[in-house]
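Below is one structure, written out as structure tokens; comments come after it.
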Amino acid sequence: MSVTVEVKNYTKTIKGQTVLSNVTLQLESGVCYGLYGHNGCGKSMLMRAIAGLICPTEGCVTAFGKDLNNSNSFPDSLGLIIENVGFWPYFTGLENLKLLASIKGEIGEPEIRDAITRVGLDPDDRRVYHKYSLGMKQRLAIAQAIMEKPNLILLDEPTNALDEDGVSLIRKVVQEEAERGATILIASHNREDLTTLCSQFFKMNAGKLQIVEGVA
């Protein structure tokens with residue numbers, strides 16, 4: 001295993017409020033990390049920092065050797081779920097993922113169909129996205145995060161809105177991605193998700209990060 005993501009003394013201040021305070025961490029390939037803490041503690045903001053969606057007030061973050069401290073600088077190989085994914089409401093799941101995949105042009109329809117099938121959806125389902133149940137929408141979000149086989153996967157509440165079978169299936173998918181060698185960071189309030197999937201844990205509290213032995 002090698003270090004793929006490094007955050008050093010990262011502080012982010014927004015409108016005078018410190019939302020991330022002197023955060024330092026390292027993530028390695030093939031490892032699934034768990035991130036937990038109360039609402040508003042900074043979990044999603046840390047994921048945004050690692051994804052290159054925000055710039056630091058102080059400190060730095062690198063992913064696979066790439067500096068992400070400037071605007072419009074993102075990891076080259078990233079699968080991401082933070083809050084709601086912006087799918088087109090009147091397109092099918094397959095059509096949505098084909099449009100997203102066309103941005104990079106790295107995969108074709110067979111890989112997209114495979115990702116949809118892996119999360120328990122039917123790529124030939126003709127229902128448009130706005131007619132999907134909440135669980136189906138969550139499964140499609142997971143599919144878009146894994147379809148390009150990214151090296152870095154950031155998942156905020158990945159089993160949200162899923163039934164018991166859906167939770168089991170998505171956990172299996174996440175485990176397969178880690179076995180493939182991806183670096184995975186999961187933020188969740190679901191203790192069982194974290195203890196089942198993750199081998200290392202971080203706790204956020206008021207924008208500060210702690211490395212902990214497990215989920216309290």
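Some points to look at:
- Given (1) outside any helix (DSSP H, G or I); (2) within 21 Å of GLY181 (Cβ to Cβ); (3) β-branched (Val, Ile, Thr), number of the condition ILE142 does not satisfy: (1)
- Exactly one residue out of ASN160, ASN96, ASN84 is more than 22 Å from GLN175 (Cβ to Cβ) and modelled with pLDDT under 95, and it is ASN84.
- Tallying residues that are in a loop (DSSP other than H, G, I, E, B) and either touching a helix residue (DSSP H, G or I) at 6+ places or on another chain (Cβ under 6 Å) or buried (at least 17 other Cβ atoms within 10 Å of the Cβ) (or both) within the range 54-63 yields 2.
- Within the range 154-192, tally of residues that are in contact (Cβ under 8 Å) with a residue 60 or more places away in the chain, in a helix (DSSP H, G or I) and touching a Pro at 6+ places or on another chain (Cβ under 8 Å): 1
The values are calculated or read from the model by the stated rules, or taken from the named source; none is laboratory data. Keep in mind that what you see is a predicted model, and the values were worked out from it rather than measured. Heads up, the Cβs are rebuilt from the backbone with ideal geometry, glycines too, and the neighbour counts pull from every protein chain shown.
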